[in-house]
Amino acid sequence: MEPHVYVPRLLTDAAMREVRKIGLPVVVGGEDPPERAALLRDAAGAAAVVCTLTERIDAEFLDAAGPQLKVVANTAVGYDNIDVAAATERGVRVTNTPGVLDGATADLTMGLILATARRVLDGDRLLRERKPWVWGPRMLLGLDVSAGTTLGIVGYGRIGRAVAKRARAFDMKIVATPSRSAPPDDDVEFLELPELLERSDVVTLHCPLTERTRHLIDAAALRRMKPTAILINTARGGIVDEDALVEALRSGTIAAAGLDVFEDEPRVDPRLLELPNTVLTPHLGSAGVATRERMCRLSVANAAAVLAGEEPPTPVN
Ligand code: NAP
């Protein structure tokens, strides 16, 4: 049987046309993630898999696909859904989509900072209650973003730097954790995490989820933050200990949180939904029309390159 290209979830129309140009049979899933059994079944015999972050690509998956599998192209920059070591052991290339989503993710991060600091949802809820209201000098006061407020960036990589670029326009003072891959910026003070947490008014997370960063923000880290501070997470849910975060938000250890990602996605902890001091979005970081197009096309280009025996544009291994 001729090997196929397996696309477990529908990509954009233009990217799906690119998939068909590869010239191999294509097996395509639907809008929603396939059940695990269907994922393993449809991967069997594939030469390439163009997947998303909702597919767990582990040893079981790679073995179900079979030894003809050449490439797993993830349509995301984060690849914590993929066991890269298991892929490398089997000679399977892994690729991701870095760079093309930095602006979109940084934009959403700024949106969450502004919405959380300036209590946009509290205001929205107040109006929707349809009760009488009038402007007041003490009404719904929030954190001034552009008053020399200190933004602490944990993970000063591509997206972290794109957030810094936007924060400069808001006159925020920027501190960040040191990064081996990023050139130092003159107007950024580099601090180790404990000091960054103590000094920041807003802490925003932009590191990858790895064994080292899982629960990087735990109860002890949250206790280091100011009681007026805001935590923003548009990276990965597992970087934050959600139980500890709920407790910190309830007890006033920190003031508020803006979250685009959750520990057990797509489940959102009901306690987070009930808290008034959270702003929550369903993993929308890269959800811009042009951005998704670039991500999907880059992912397909990565798969096509490996199948053609070429070096893929953005390899992971
Ligand atoms: P990147 O360029 O690789 O940047 C990641 C940065 O994190 C690097 O500077 C890295 O430093 C740093 N880092 C690694 N471990 C750290 C640690 N323990 N403490 C502090 N910093 C650490 O990646 P990116 O393209 O900016 O993407 C970052 C993450 O954003 C992705 O991994 C993904 O999970 C997430 N993301 C989410 C969305 C969304 O829809 N919400 C969209 C896009 C991306 P070194 O250079 O020293 O390793």
Could you say whether any residue in segment 202-210 is more than 10 Å from the ligand (Cβ to nearest atom), in contact with a strand residue (DSSP E or B) (Cβ under 9 Å, 6 or more places away or on another chain) and in contact (Cβ under 8 Å) with a residue 60 or more places away in the chain? yes
Total residues in segment 185-220, condition part of a strand (DSSP E or B) and in contact with a Pro (Cβ under 8 Å, 6 or more places away or on another chain): 1
Out of all the residues in segment 164-177, which are more than 9 Å from the ligand (Cβ to nearest atom) and not small (Gly, Ala, Ser)? LYS165, ARG166, ARG168, PHE170, ASP171, MET172, LYS173, ILE174, VAL175
Within the bounds of segment 277-300, is there any residue that is within 18 Å of VAL77 (Cβ to Cβ) and part of a strand (DSSP E or B)? no
How about segment 159-174: which of its residues are in contact (Cβ under 8 Å) with a residue 12 or more places away in the chain and surrounded by fewer than 20 Cβ atoms within 10 Å (Cβ to Cβ)? LYS165, ARG166, ARG168, PHE170, ASP171, LYS173
Of the residues in segment 244-264, those that are free of Cβ contacts under 8 Å to residues at least 40 places away in the same chain and within 16 Å of the ligand (Cβ to nearest atom) come to VAL261, PHE262, GLU263, ASP264
Do the conditions hold for GLU274, that is, is it within 14 Å of the ligand (Cβ to nearest atom), of a type outside the set (Ser, Thr, Tyr) and more than 23 Å from ALA86 (Cα to Cα)? no
Matching residues in segment 144-157 - criterion: being away from the ligand (no atom under 11 Å from the Cβ) and assigned to a loop (DSSP other than H, G, I, E, B): ASP144, VAL145, SER146, ALA147, GLY148, THR149
ARG223, sole failed condition from (1) more than 25 Å from LEU121 (Cα to Cα); (2) within 16 Å of the ligand (Cβ to nearest atom); (3) outside any loop (DSSP other than H, G, I, E, B): (2)
Of everything in segment 82-116, what is of a type in the set (S, T, N, Q) and surrounded by fewer than 18 Cβ atoms within 10 Å (Cβ to Cβ)? Give them in sequence order. THR88
Given the conditions (1) in a helix (DSSP H, G or I); (2) assigned by TED's automatic domain parsing to the domain that holds ARG168, report the number of the one that ALA87 does not fulfil. (2)
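Yes/no matrix, rows are residues, columns are (1) in contact with a strand residue (DSSP E or B) (Cβ under 8 Å, 6 or more places away or on another chain); (2) in a loop (DSSP other than H, G, I, E, B):
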| site | (1), (2) |
| --- | --- |
| VAL94 | yes, no |
| GLY99 | no, yes |
| PRO132 | no, yes |
| GLY142 | no, yes |
| ILE159 | no, no |
| PRO183 | no, yes |
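The values are calculated or read from the model by the stated rules, or taken from the named source; none is laboratory data. These numbers come from a predicted model, not from an experiment. So basically every Cβ, Gly included, is an ideal-geometry build from the backbone, and we count neighbours across all protein chains shown.
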